[in-house]
Amino acid sequence: MRDPRTSIINQRLKPVHRIIAVSSGKGGVGKSLIATTLALTLAKKNCTVGLFDIDFTSPSTHIILGIKKLQPTEKKGIVPPTVHGVKYMSIVYYSKDQATPLRGADVSNALIELLSITKWSKLDFLILDMPPGIGDATLDLLRLIENIEFLIVTTPSKLAFETVRKLASLLKELKIPVLGIVENMKMNHSKTVQQQTRKLGLAYLGGIAYDSEIEKSIGNTNLLLNTSLAAEVQNITTKI
Ligand SMILES: Nc1ncnc2c1ncn2[C@@H]1O[C@H](COP(=O)(O)OP(=O)(O)OP(=O)(O)O)[C@@H](O)[C@H]1O
Ligand SMILES: [Mg+2]
């Protein structure tokens with residue numbers, strides 16, 4: 001029998017105009033930092049924005065946002081609270097920042113549960129911070145959400161780009177829209193990723209420089225929005 005919760009998910013997501021999954025084939029490339037900055041930047045541009053941390057085993061957007069004590073309210077569903085202008089949902093409300101060592105089936109179950117109980121208001125954008133790789137969460141979202149779009153993050157390293165190539169090819173096969181590729185932690189002016197991205201038939205949305213000062217802005221959104229990363233993300237918002 002089909003899980004009855006799956007039919008309610010697209011109903012729950014009806015008030016959301018665009019759903020953008022910030023994803024990569026690789027870990028540690030800057031997905032969480034970019035997803036959070038993207039959400040904050042769009043909110044600053046007067047868009048209505050939600051941010052949903054889908055990385056259930058290692059959530060980090062609450063740390064980037066500097067959230068300490070926050071809880072959603074319940075009103076015929078879970079209503080995500082607003083943080084720095086962004087409606088914010090994460091498993092940390094329930095895991096209380098303890099480890100959540102979930103196996104594959106449990107990841108799917110938690111994802112389906114949170115998607116089916118979360119009550120989003122009318123949103124221009126819902127940004128999803130994805131876990132690394134093409135794992136259960138990615139496969140579940142592809143199966144469950146009708147109008148999902150992907151923004152793919154890579155670093156200049158071949159090791160990252162080769163995994164991104166696989167993700168891009170899977171999405172192409174499944175006819176899922178890809179907004180383009182963002183190259184993060186650039187250390188020089190190499191155009192290799194730009195050229196490789198075009199060869200894949202995808203848009204190169206921008207290159208973000210490695211910034212050794214970025215650590216200071218984690219937990220402080222005012223500082224984060226003044227970084228060179230945020231300036232480039234602002235530029236990217238004009239292309240998506
Ligand atoms: N442009 C940058 N310059 C310097 N450091 C960066 C930059 N982008 C991200 N970082 C740092 O790299 C680390 C990984 O970033 P982040 O957690 O956003 O990556 P991720 O892709 O979400 O990782 P994971 O796959 O574990 O979820 C963090 O310490 C972050 O501060
Ligand atoms: Mg992350």
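Only the coordinates and a few stated rules stand behind these numbers; no lab work does. Keep in mind the model is a prediction, meaning the values are calculated, not measured. All Cβ positions, even for glycine, are placed from backbone atoms using ideal geometry, and neighbour counts span all protein chains on display.
Only one entry of SER23, SER7 meets the criterion of being of a type in the set (S, T, N, Q) and out of contact with any Phe, Trp or Tyr (no Cβ under 9 Å at 6 or more places or on another chain), and that entry is SER7. Quick one: which residue in THR154, THR138, THR118, THR163 is within 16 Å of ligand 1 (Cβ to nearest atom), in contact with a helix residue (DSSP H, G or I) (Cβ under 7 Å, 6 or more places away or on another chain), touching a residue at least 60 places away in the same chain (Cβ under 8 Å) and hydroxyl-bearing (Ser, Thr, Tyr)? Every option except THR154 fails the conditions. Looking across the range 79-99, the residues that are more than 19 Å from ILE218 (Cα to Cα) and either surrounded by fewer than 18 Cβ atoms within 10 Å (Cβ to Cβ) or without any contact (Cβ under 8 Å) to a residue 24 or more places away in the chain (or both) come down to VAL79, PRO81, TYR93, TYR94, SER95, LYS96, GLN98, ALA99. For the range 159-210, which residues satisfy the criterion of being acidic (Asp, Glu), in contact with a Gly (Cβ under 9 Å, 6 or more places away or on another chain) and surrounded by fewer than 16 Cβ atoms within 10 Å (Cβ to Cβ)? Within the range 159-210, GLU162 is the sole residue that qualifies. Listed by position, the helices (runs of 4 or more DSSP H) enclosed by the range 1-74 that each have at least 1 residues that are within 10 Å of ligand 1 (Cβ to nearest atom) and under 21 Å from ALA137 (Cβ atoms) are 31-44, 61-65.
All conditions in (1) in contact (Cβ under 8 Å) with a residue 60 or more places away in the chain; (2) touching a Phe, Trp or Tyr at 6+ places or on another chain (Cβ under 9 Å); (3) more than 16 Å from VAL49 (Cα to Cα); (4) not in a loop (DSSP other than H, G, I, E, B) hold for LEU128, with the sole exception of (3).
The residues in the range 85-139 that are among the hydrophobic types (A, V, I, L, M, F, W, C) and more than 15 Å from the chain's Cα centre (by Cα) can be counted, and the count is 11.
Screening GLY133 on (1) touching a residue at least 12 places away in the same chain (Cβ under 8 Å); (2) over 24 Å from GLU113 (Cα atoms); (3) part of a loop (DSSP other than H, G, I, E, B) shows it passes everything except condition (2).
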